[in-house]
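Notes for the one structure printed next.
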Amino acid sequence: MKSLFNLGVILGVLFLFLSHAFSEQTPGKVVSYRDFGAVGDGVTDDFEAICKAHAAANETGACVCAESGATYYIGNIAKTAVIQTNTNWKDARFILDDSKVGTKNLPVFAVSSKLPSSRISTVKTIKKNQEKLDVSLPCRSLVIVVESSVKRYIRYGANQNNGTSQTDVFLLNTTGEVDPRTPIIWDFNKVSSMTVIPMDRDLLTITGGHFTTIANQAESKYTYYSRGIAITRSNVVVDGLTHEVTRELDHGAPYGGFFNISKCADVVVQNCKLTGHKTYHTIGRAGRPVSMGSYDISVFNAVNVTFRNCSQFDSIHDTTRWGIFGSNFSKNITFDHVELSRFDAHMGVTNATIKDSVLGHTGISLIGFGLFTVENTKVHSRYFISLRSDYGSTFDGDVVIRHCEFIPSKPGGAVIGGSYSGSHDFGYTCYMPRNIKIDGFVVKDKKFGAKYEGPRLFHNINPKLTSKEYVEQYPYQVTREVTVKNLDVESGKPLKLSDNPYMFRNVKVSMEK
């Protein structure tokens with residue numbers, strides 16, 4: 001047994017040595033697209049040359065630079081350019097022509113690691129909030145755990161489904177200790193898979209680049225296009241990139257995200273300008289017409305992801321366009337100085353922060369766990385925070401709102417919105433935020449006229465729950481306590497508890513000047 005342990009230590013040291021060697025980049029060495037035949041005239045398809053340039057740089061550790069002033073056309077080629085070294089796109093332009101593309105689900109660029117992932121089969125069970133696992137790892141790693149026999153997020157409504165296998169993502173250090181900022185949120189009584197993804201120590205940077213997508217002309221169905229930049233490497237900064245969308249028709253397939261950030265940690269997207277996609281419609285699983293989500297930013301199975309000083313080309317108030325951002329199974333997402341149409345935690349976020357930002361017509365859509373903080377932020381939407389009804393309007397944690405402005409788009413707006421009937425099993429107990437703390441909150445509602453009754457703290461989340469006669473099959477855990485300080489309602493109307501006071505009769509509300 002001791003010899004096996006020593007072998008494991010030797011292999012771990014070797015792995016660290018190799019990972020360091022892999023991560024090093026050759027100082028001063030630069031590869032250009034022109035070196036491999038790129039023309040950069042905006043007409044010639046340069047993607048073969050782009051792929052070759054990155055492949056060569058990945059072998060030698062060289063940086064990649066685009067030619068200043070060049071325009072690179074990328075058409076119907078079923079390949080991906082793999083980025084594993086620093087890349088400077090400068091002011092070069094890239095045209096992604098999706099109008100006739102055949103392979104729609106291959107990213108154009110993939111930012112990936114050279115460090116190999118692995119599976120661990122020795123861990124059979126994991127408990128919620130467990131602080132340490134009985135594993136030894138060669139370096140800090142992202143871990144994704146799945147229990148396929150348990151279904152969560154059993155969706156309700158027009159896009160109903162049978163749920164998703166229970167999944168969690170967190171960080172482990174070399175001795176198996178869970179990073180306390182990425183707590184384990186489920187009990188895993190029978191682990192189906194446990195994937196360990198090593199985190200690169202060296203920072204990889206991608207700078208500049210002006211991207212234009214010529215929109216697809218496909219039928220309006222759930223055939224998502226993923227022709228953009230996929231990031232699966234940890235410790236990455238993307239700085240100063242822009243993405244525009246042109247030639248959208250009255251029909252088209254949706255987009256899964258120009259940025260697809262998944263299975264990684266410690267990623268920053270900053271000083272970038274993106275585009276909200278036109279909303280298209282189809283028939284959902286329930287046989288009814290539905291709007292299809294179409295994103296420019298998607299985050300999936302990732303932790304510690306920050307968007308800083310980002311905005312979008314089209315108006316954040318344009319209701320013909322889908323909200324720009326969506327996320328699933330992620331932790332510690334931060335919006336910092338952004339002006340975007342939407343923050344959306346689709347299948348759950350654990351811990352998130354929005355600060356010094358402006359959010360548009362789709363506002364904040366939230367379900368998840370932990371602490372959700374909004375500060376110095378303006379929200380233009382029907383609700384300041386909307387708890388997603390298709391996933392049970394659940395947030396198992398606390399909400400803190402500081403020094404914010406709420407500009408309700410319609411009369412009857414509420415600080416907390418949502419919908420819950422108590423008749424659907426979502427695969428988990430559904431919670432409203434346990435504690436809500438509000439300090440410094442302005443409601444800009446003068447525009448609604450004399451008949452306007454004022455804002456609500458809570459929307460009428462279950463209109464049927466008006467007496468003890470109504471019994472929820474799956475009881476909703478309502479907020480325990482709300483503290484409100486420094487409230488300013490510009491209409492002069494009082495902040496009502498709800499149009500359904502019975503549902504919130506046991507909530508302790510403290511109002512302070």
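The values are calculated or read from the model by the stated rules, or taken from the named source; none is laboratory data. As the structure is a prediction and not an experimental result, all values here were calculated from the model. Every residue, glycine among them, receives a Cβ derived from its backbone with ideal geometry; neighbour counts consider all protein chains shown. For the accessible areas, the whole protein counts, side chains as well, though only heavy atoms, and no ligand, DNA or RNA atoms are used. Shrake-Rupley method; radii C 1.70, N 1.55, O 1.52, S 1.80 Å.
Descriptive notes on the structure:
- Summary of packing: across the peptides 391-399, 186-194, the per-residue average of other C-beta atoms within 10 Å ranks them, highest first, as 391-399, 186-194.
- Translational diffusion of the stretch 97-206, estimated by Stokes-Einstein from the Kirkwood radius over alpha carbon pairs at 20 °C in a medium of 1.002 mPa s, is 131 µm² per second.
- Computed lengthening from LYS444 to ASP250, 0.36 nm per intervening residue step minus Cα-Cα distance: 66.4 nm
- FRET efficiency for ASP202 and ARG119, using Cβ-Cβ distance with R0 set to 25 Å, rounded to 0.05: 0.50
- For a straight C-alpha distance cut-off of 20 angstrom, the aspartates and glutamates reachable from LYS468 (same-chain residues fewer than eight places away being disregarded) are ASP499.
- Within the shell of other residues whose beta carbon sits under 15 angstrom from the beta carbon of VAL150, the net charge comes to +2, with Lys and Arg scored +1 and Asp and Glu -1.
- Reachable lysines from LYS221, criterion Cα separation under 16 angstrom, eight or more residues apart if same chain: LYS104, LYS278
- Using just its DSSP H runs of length 4 or more, each adding -39500 (n - 2.57), the chain gives a mean residue ellipticity at 222 nm of -2500 deg cm²/dmol after division by all residues.
- Applied to the stretch 436-452, the Karplus parametrisation 6.51 cos²θ - 1.76 cosθ + 1.60 on θ = phi - 60° returns per-residue 3J(HN,Hα) values of 10, 10, 10, 9, x, 9, 10, 9, 8, 10, 5, 6, 8, x, 5, 6, 5 Hz, with x for Gly and Pro.
- Taken about its Cα centre, the stretch 251-343 carries a charge dipole of about 320 debye when Lys and Arg each add +1 at the Cβ and Asp and Glu each add -1 at the Cβ.
- Förster radius 25 Å - calculated FRET efficiency between ASP425 and ASP187, Cβ distance, rounded to 0.05: 0.90
- Placing unit charges on the Cβ atoms only, positive for Lys and Arg and negative for Asp and Glu, gives the stretch 50-152 a dipole magnitude near 540 debye about its Cα centre.
- Using equal-weight Cα scatterers in the Debye expression, the normalised intensity of the stretch 161-211 in log10 at q = 0.20, 0.32 Å⁻¹ is -0.88, -1.41.
- Value in Å of the Kirkwood radius, where the stretch 113-155 supplies the Cα pairs that are averaged: 13.2
- Summing charges over all other residues whose Cβ lies under 12 Å from the Cβ of VAL443, with Lys and Arg as +1 and Asp and Glu as -1, gives +3.
- Computed packing ranks the peptides 45-52, 119-126 as 45-52, 119-126, most packed first, by mean other Cβ atoms within 10 Å.
- Heavy atoms of ARG181: accessible area, 1.4 Å probe, square angstrom to 10: 130
- Given LYS90/LYS444; LYS444/LYS508; LYS29/LYS273, the pairs whose alpha carbons are separated by over 31 Å: LYS90/LYS444
- Relative to the Cα centre, the charge distribution of the chain, modelled as +1 at Lys and Arg Cβ and -1 at Asp and Glu Cβ, gives a dipole magnitude of about 1340 debye.
- With respect to the chain, whose longest principal axis is taken over its alpha-carbon atoms, helix 2-23 is tilted by about 80°.
- Whole-Hz couplings from phi, Karplus 6.51/-1.76/1.60, listed for the stretch 37-52; x for Gly and Pro: x, 5, 8, x, 9, x, 10, 5, 6, 9, 5, 4, 5, 5, 4, 5
- Oblate is the label for the stretch 170-251, because a/c, from the alpha-carbon gyration tensor with a ≥ b ≥ c as root eigenvalues, is 1.5 or above and a/b does not exceed b/c.
- Global geometry of the stretch 160-298, whether rounded, prolate or oblate, following the gyration tensor of its Cα atoms and the 1.5 cut on a/c: oblate
- Which of SER291, GLN270, PHE258, positive extreme of dipole for the stretch 168-305 (C-beta unit charges): SER291
- Accessible area per residue in Å² at 1.4 Å probe, computed on the stretch 234-365: 30
- Set of lysines near LYS263 by C-alpha distance (under 18 Å), chain-local residues within fewer than 8 positions excluded: LYS114, LYS331
- Rg to Rh, two decimals, where the chain supplies the alpha carbon set and Rh follows Kirkwood: 0.99
- Once the C-beta distance of SER220 and LYS513 is scaled by a Förster radius of 45 Å, the resulting FRET efficiency is 0.30 to the nearest 0.05.
- Mean Cβ neighbour count within 10 Å, used as a protection proxy, ranking 471-479, 344-352 highest first: 344-352, 471-479
- Stokes-Einstein D for the stretch 401-513, Kirkwood Rh over Cα pairs, 37 °C, 0.692 mPa s (µm²/s): 218
- Computed accessible area, THR103, all protein chains, 1.4 angstrom probe, square angstrom: 50
- Here the extension length gained between LYS29 and LYS132 equals 32.8 nm, from 0.36 nm per residue of separation less the Cα-Cα distance.
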